[in-house]
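Contents: one structure, followed by commentary.
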Amino acid sequence: MLVVMKERATLGEVEGVLTWVASRGGSAECHRPREAVIVVRPDDLDPGELAALPGVARIEGPRPGYWLASRRRQPEDTVVQVRGRRIGGENPPVLIAGPCAVESEDQLVRAARAAVEAGAQLLRGGAFKPRTSPYSFQGLGEEGLELLARVRERFDIPVVTELRDVGTLDLFLDYQVDMLQIGARNMQNFELLRAAGQSGIPVLLKRGPAASVEEWLMAAEYVMLSGNPNVVLCERGILPPSTVATRYQLDIAAIPIARSLTHLPVIADPSHAAGAREYVLPLAEAAIAAGAQGLLVEVHADPCQALCDGRQALTPPMARELMDRLRRHRYVPPMPTPVTRGAAWSRGDDLALAAGARGLRH
Ligand code: PEP
Ligand code: MN
């Protein structure tokens, strides 16, 4: 719950609220003393009594249930750094690319080459795959982490891979994984979120296909409350109505909504949303036009042979075409080198045109 103090509240009145909460067994933090917004836990303290304390303007809550992740606490964007790669803020959209699963050294090297040639700043591949069927390929496990570590050195590119179980976190630390993905199925695996938070490794948090934007932000709050401010949110499609042809439905609106509610970077995964490679590029463009600060796409040098999600994997030329299109829209700078704040690139192109519409009716 948030206690918003009056503009002219005195320091004594702020302290009065903190003392009152403590005297009733709660805990309170004054995150922004100058604006005097106080976050109170637990949420079951009597809001009526709190509202009556001197200097209090109003009580907000108990929803939304997140504070560290909220834009109210931090109006300016967070920039998450992964081995020097910057995600969020005014930085050009980041491309995270790679195969769904690490299958072999040769496969990973070919996918990494395609990702790097397309301009990807991070390489992603799953070593521990969450699969709906227990008969499907489950990933190479530790061998996959070892291959990722080797290919990272070869291409000098940080790696992202999914942490599926708390029990394997030590292995991820041993192989110095640069960023942990928490998959859609695990968005509300609270022990996993806490463990990812305690690890201190930047986290890529996918939205569950049935989760609201607020639930997604509360999941991010678990990570942040465990001491890890480096969370990147990833929209990857929600459960579609039966009339929708794609695997999931990319929730374009969730991108600006999440960005208005949180300071954390928001990226999009058009691959899992589309489920078919031919739709990935237009969805990617639409996501960036809507304000996504990066993309996560699956790339495979030989998608027909992929052990996992081959149908949605981009071929290497398609990955290059994706970046060409983003450059054409000037969503990313013309040269694949980082640009500084204020450089001449913009998200000026219209969302509908980016998604493939041939014209606009006004
Ligand atoms: C994946 O990233 O390969 C994956 C399984 O994604 P999601 O958790 O979004 O289903
Ligand atoms: Mn996949």
Checklist outcome for this item: Within segment 120-135, restricting to residues that are within 10 Å of ligand 1 (Cβ to nearest atom) and without any contact (Cβ under 8 Å) to a residue 40 or more places away in the chain, the one that is nearest to residue 181 (Cα to Cα) is 125
Next on the checklist: I'm checking my understanding of the structure. Among residues of segment 210-233 that are modelled with pLDDT under 95 and of a type in the set (A, V, I, L, M, F, W, C), which one is nearest to ligand 2 (Cβ to nearest atom)?
Outcome noted: 224
Next on the checklist: I'm trying to understand the selection: among the residues of segment 250-272, which are over 21 Å from residue 125 (Cβ atoms) and charged (D, E, K, R)?
Outcome noted: 251, 259
Item to check | Sole residue being within 17 Å of the chain's Cα centre (by Cα), under 19 Å from residue 316 (Cα atoms) and of a type in the set (A, V, I, L, M, F, W, C), chosen from 80, 116, 94 | outcome: 94
Next on the checklist: Which pairs turn up if I take residues in segment 270-284 that are modelled with pLDDT under 95 and look for partners that are open to solvent by 30 Å² or more (accessible area, probe 1.4 Å) and within 11 Å of ligand 1 (Cβ to nearest atom) with beta carbon separation below 9 Å, at least 6 apart in sequence or on another chain?
Outcome noted: none
Checklist entry - Of the residues 207, 194, 185, which single one is within 16 Å of ligand 2 (Cβ to nearest atom), among the charged types (D, E, K, R) and surrounded by fewer than 24 Cβ atoms within 10 Å (Cβ to Cβ)? => result 185
Checklist entry - Can you tell which of 104, 133 is away from ligand 2 (no atom under 16 Å from the Cβ), over 17 Å from the mean Cα position of the chain (by Cα) and not aromatic (Phe, Trp, Tyr)? => result 104
Checklist entry - What do you reckon, is residue 317 open to solvent by 40 Å² or more (accessible area, probe 1.4 Å), out of contact with any helix residue (DSSP H, G or I) (no Cβ under 7 Å at 6 or more places or on another chain), more than 16 Å from ligand 1 (Cβ to nearest atom) and at pLDDT 95 or above? => result yes
Checklist entry - Going by the conditions given, is residue 174 surrounded by fewer than 22 Cβ atoms within 10 Å (Cβ to Cβ) and among the acidic types (Asp, Glu)? => result yes
Next on the checklist: Pairs please, first residue from segment 37-62 and over 18 Å from residue 25 (Cβ atoms), second anywhere and open to solvent by 40 Å² or more (accessible area, probe 1.4 Å) and of a type in the set (D, E, K, R), Cβ atoms under 6 Å, 6+ apart in sequence or on different chains.
Outcome noted: 54/13; 55/6; 55/13; 57/6
Checklist entry - Could you list, in sequence order, the residues of segment 85-111 that are open to solvent by 30 Å² or more (accessible area, probe 1.4 Å) and either outside any loop (DSSP other than H, G, I, E, B) or without any contact (Cβ under 8 Å) to a residue 40 or more places away in the chain (or both)? => result 85, 86, 105, 106, 110
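The rows are residues; the columns are (1) open to solvent by 10 Å² or more (accessible area, probe 1.4 Å); (2) over 20 Å from residue 94 (Cα atoms).
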residue	(1), (2)
230	yes, no
233	no, no
249	yes, yes
278	yes, yes
Item to check | Filter result for residue 138 (part of a loop (DSSP other than H, G, I, E, B), of a type outside the set (Val, Ile, Thr) and free of Cβ contacts under 8 Å to residues at least 60 places away in the same chain) | outcome: yes
Item to check | Options 236, 259, 194, 247; residue that is in contact with a His (Cβ under 6 Å, 6 or more places away or on another chain), of a type outside the set (Asp, Glu) and at pLDDT 95 or above | outcome: 236
Checklist outcome for this item: Conditions (1) of a type in the set (S, T, N, Q); (2) more than 15 Å from ligand 1 (Cβ to nearest atom); (3) surrounded by fewer than 23 Cβ atoms within 10 Å (Cβ to Cβ) -> residue 262 fails only (3)
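The values are calculated or read from the model by the stated rules, or taken from the named source; none is laboratory data. Just so it is clear, the model here is predicted, and its values are computed rather than measured. Cβ coordinates were reconstructed from backbone atoms using ideal geometry, including for glycine residues, and neighbour counts include every protein chain displayed. These accessible areas exclude ligands, DNA and RNA; they are computed on the full protein's heavy atoms, side chains included. Shrake-Rupley method; radii C 1.70, N 1.55, O 1.52, S 1.80 Å.
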